[in-house]
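These notes are about the structure you will find just below.
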């Protein structure tokens, strides 16, 4: 219909249905007139109606008015409005009135057909409102102004009278009476309820609509603005007899229900006082996930990456991932000793990776369940990033081989903003995973909070509507309905490669955990739950009654699985040591030794050859594509880069270019994302060039370094920190042979991603033995830009570092690398481009992976002194953990009265002030470039080199912020606490910086005065 354009005669002539005609004009075709013969004109009216639904401009204005009024519920005879007279006369109107008088039933006939079509559409839009979704039969959400009559008292008694009471789906709402129920109506092309029949009595139409949309499945899809997708869904749910299962499918479904149910019952018997966050009340989740995996495997999917919170996690590990039961059971033994370093995590947070044969498809499939903290939905973007990475590395550009499944809770799905952020990544070019299947375990409660207190939307899944994802609500106590919905969802994802949501409406038989008492807060709900027959029992009775299985076979199936659990429990007692490595969700084959250790604890030089520096620098200064017009200002920037290359120096942007380009040349994939990362927030990077004359034509010079190089991905992210950082973390998780970086627009933007930083990045290895080499680039520096764009809050990152401030470490030849291996993450604040270059390359060249936090500069991006010579990046050079003073003070160390330790851009302000004061030979300024792990050995060497000097820590941040509280005790430890460490800087404050430029400059001068006032610290501690 979308390709048709209708030009018809005015309604007052056509509606008479006697001698008028309907002219249909198709694009690029001749106009054909088709006369209306004696009889009804409903076929033409229906075609025009569907054309009008697509676009009101497809029909004449008079028909537009008619259809609008009819759809609004205007009674017969009132939908039509007289148009203005033709040619300024009333002749047409008179003719119409004469004709209508001759055909009094025409308008009623048209309106009845329109009413039936409106009723069909109403079921498609609103049928889910009265579907029997709640297994407890206590849910009643008022979706309309009319009183809700669908409650406990009506269950099992729904009939035509009920429909007439529920106004949105009531035939009388559209002008139809009970006397019309036996009239036959032609079915429109936008429904499949007729099967091969073109017309049905209204009574049968309503019955079939009821079966399609108002039973145990409720479908939300009519908000989707794609006609093909809507038609696809209609066909899946409206076609008569579509939900049929073979005996084998029913037996398989029963077996899976048995495993799901008996696993929880076994754990309850053996460990009744242990928290396990069991699946009781939603046992159908297990066959749901297995059905999705079966269907996806048959469609060619080879890897499925899953994320979920704690409820049902052990069951998913056991019966979906197929983790060895003894490995799960031994987790309940508190006497086990931990074999691995780190704190570990509770059993219902652990992840898993397993490759096995799928029995339905007879294909190998890899299943991965990503470890997740108690921040329920935090894992969502991590799963998406890991999925994207696996698709990238295997060349799966359409998502046909790798897919993700996310399992959510209803309260968390509605309440946590990360769900929305993740959805909005779903169709972005650099973030799409080509469709995710979301399964919501809808307990109808969040811990102790009722849905009416937990969300403002009717359903917990309403957030999915923002990306036009279809939503399939299903009663979780009907395993066959669940199985069918999961089949459709898997087929949807395979067909359209877009997100889809399955809302498993269930209940939580126990409290929030097995020790919790839910009757305190939900007494009526839990009275009903206590009376509720288990879903396995109900389904078993059904299939036994159908002759699918005998009672004896059913009991045998239960006994067989119980025996498997008992035998696994016996084997679990032989476990003496807990190996967290058995729970890795992202193994890196070949990267570590068989024991999980790095193959060595040495790091080669991170420098590169002069030739390579020059080649990469010239690429950075060029436009590799022909006939490509760049902005004039950018031409000057590229020319400046070329001049620097000829002078063998680089600034910050060029140093970064050297690091990325050299890794790409060596086959290491580099991915940089963040808000405005392509150009750089401060217009310094320009990794993506835009043709000024051709829309969407871009050039990425970094991808033109070498014919056999790895691809470079640089992408501007959505305005999200939590979701995007989680995504990049997941991407970095997939492979150790990639440099993955996330850049905050300003350093303080990481505030809204704190959950990912705290729960995954800083502690991920300790909890889950999962190394990760992600890099965070956080622009930081006090330049008078106000409190929100100054500080990246280094104190927060340093507070979470695991090195001991009071213990001077044992030194060895591999001390620097050993420190890196033992730390939980690396925190640096580089003061020159060469050190930034080296630290980025070290991320890949060191034999293990640690997160790297880089406080990147703003003003230093163009500071004339913040440049590095190529000599500092040649073979044999390394990252410098500290940069000693190499000026006049170093020539006569015994004359030095003060060592000022600092980090970052304050160094340049200190050296300028020192020169202005003529104190170059009496004050040494030492830069600590790597803050964590702290360079105890090098700081000690510098302190010892200047034995007569006061030790001062100077920072631009306020005293209660920045680095002071971290570095002071560590510097003291290097001197065996024999020398005090003085502070020079701003005083304590609540805000990170002032918003007044003059105040900022006053504060800066005051801190410089304190740093160089040799008499200020005359009073010793």
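Descriptive notes on the structure:
- Two-site label geometry, residue 531 and residue 716: point separation in nm, points 7 Å out along Cα→Cβ: 6.0 nm
- Once you reduce the range 901-935 and the range 642-698 to the center of their Cα atoms, the two points are 30 Å from each other.
- Residue order, fewest to most surrounding Cβ atoms within 10 angstrom, among 785, 357, 257: 357, 785, 257
- Expressed to the nearest 5 percent, the antiparallel share of DSSP beta bridges inside the chain is 30 percent.
- The antiparallel fraction among DSSP beta bridges confined to the range 814-946 stands at about 35%.
- Ordering of 108-117, 271-280 by burial proxy (mean other Cβ atoms within 10 Å per residue, highest first): 108-117, 271-280
- Compared with the dominant Cα axis of the chain, that is its longest principal axis, helix 906-917 is turned about 30°.
- The mean sequence distance of close C-alpha pairs (under 8 Å, at least 6 residues apart), as a share of the length of the chain, puts its relative contact order at 9 percent.
- Dividing the helix sum by the residues of the chain, where each DSSP H run of 4 or more adds -39500 (n - 2.57), gives a mean residue ellipticity at 222 nm of -11000 deg cm²/dmol.
- Our note on the geometry: Cα centres of the range 442-459 and the range 476-515, 18 Å apart.
- Simple spin-label estimate for residue 878 and residue 424 gives 4.5 nm between the two label positions (7 Å along the Cα-to-Cβ direction from each Cα).
- Net lengthening on full extension, residue 808/residue 247 (0.36 nm per residue, minus Cα-Cα): 194.9 nm
- Once you reduce the range 752-798 and the range 597-631 to the center of their Cα atoms, the two points are 27 Å from each other.
- Residue 990-residue 622 FRET efficiency (beta carbon distance; Förster radius 45 Å; 0.05 resolution): 0.40
Readers should treat all values here as calculations from the given coordinates under stated rules, not as data from a laboratory. Keep in mind that this is a model prediction, so the values were computed, not measured. Every residue, glycine as well, gets a Cβ built from its backbone with ideal geometry; the counts of neighbours run over all protein chains shown.
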